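First comes the structure, then the notes that go with it.
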C-alpha cells in the first residue's frame, strides 16, 4: 500500500455480496465511526503499529500447553487451582476458530455483514456450556486487573466471541476467563529468560450490545463520512496536520 490507500476489501453499498467485518473492525467502529468509515469504505486505514512479537510468542506457547491437556481430556493444573470445573474443548473447529482469516463466523442477514472473530481458546464446563478464554501478556507490578478504562476493549472482545458462538447455536457460559501471563521484573538478572506468573481472571459478559452495534456499523457504512471523533487521537492528528498544511499553502 505505497500510496496509503487500499483498493481491496472495501464496502460497496450497492453490492449484494456478504461483506466480511472482523471483531477488530467492529471495535474500531466503537472507538471512532469516522476512522471505521475511512478504513472499510475508503481504504484509508490507521497507521499500523509494530507487531507484538513477544505477546504472540506467549500466546502461542499457552495454546500449545492447553492443547496438551485438550488431547488428554483433562483440566490444566491452573484450572484446577482456580476451581474451574471445565476442560479444554475437544473440537475439530479449534484450528478454524483460531485462524485469523477464518475464525468463528456468522452471517448477519439483515445487514449482509459476515461477522468474524478469531478466538484464543474454548473450554467446556460440566453443564456442556462453552467458555470463551482469552490469553493476555503483560508486565506489571501493580497486579493484573481488567477494570481500567484501557481494558474495556478486552471485555468487548470477549462479548463478541460469546455472541458469535451463540449465533452458531452453541450454549455459551456468561462467564469467560482471561488467562494472564505477567512478566516477572523482580529477578536479580535476566540470564536469557523471562519468567511469568500466570493467573486466571473471570469476567461475566453481556453481549446485548453486539447486534445493535452491527446494525449501527452498517448504517455508518451506507451513509456519508462521519464527523471527526472529538476524543480520537487520529482524527485530532489529521485535523492539526491539515490545518498547518492549509495555513502554509495560503501563506497565513
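Read the figures in this text as sums done on the coordinates, not as results from a lab. This is a predicted model, so every value here is computed, not measured. Reconstructed Cβ throughout: ideal geometry from the backbone, glycine too, with neighbour counts over all protein chains shown.
The value obtained for region 1-138, namely the Cα convex hull volume divided by the number of residues, is 156 Å³ per residue. What does the extension gain come out to for residue 187 and residue 145, with contour length at 0.36 nm per residue minus their alpha carbon separation? Taking residue 187 through residue 145 to full extension adds about 12.9 nm, to one decimal. Relative contact order of region 50-196: 20 percent, from C-alpha pairs under 8 Å at least 6 residues apart in sequence. Beta bridges assigned by DSSP with both partners in region 80-179 are antiparallel in approximately 75 percent of cases.
A helix-only calculation puts the chain at -11500 deg cm²/dmol for mean residue ellipticity at 222 nm, using -39500 (n - 2.57) for each DSSP H run of at least four residues, averaged over all residues. With both residues required to sit in region 1-122, DSSP beta bridges show an antiparallel share near 55%.
Quick one: if the Förster radius is 25 Å, what FRET efficiency do residue 197 and residue 107 give, using the C-beta to C-beta distance and rounding to 0.05? About 0.05, to the nearest 0.05. A simple packing score, the average count of other Cβ atoms within 10 Å per residue, orders the peptides 133-140, 201-208 as 133-140, 201-208, with the highest score first. In terms of overall dimensions, the chain has a Cα radius of gyration and Dmax of 20.9, 72 angstrom.
When peptides 163-174, 181-192 are sorted by average Cβ neighbour count within 10 Å, with the highest value leading, the order is 163-174, 181-192. Modelled this way, with points 7 Å down the Cα-to-C-beta line, the labels at residue 128 and residue 244 are 6.2 nm from one another.
Working from label points 7 Å from Cα in the Cα-to-Cβ sense, the residue 175 to residue 234 distance is 3.7 nm.
For the pair residue 80 and residue 30, label points projected 7 Å from Cα toward Cβ lie 3.6 nm apart. In the chain, what % of DSSP beta bridges are antiparallel (nearest 5)? If we restrict to bridges inside the chain, about 65 percent are antiparallel. Cβ-Cβ distance of residue 17 and residue 63, R₀ of 51 Å, FRET efficiency by 1/(1 + (r/R0)^6): the value works out to about 0.95.
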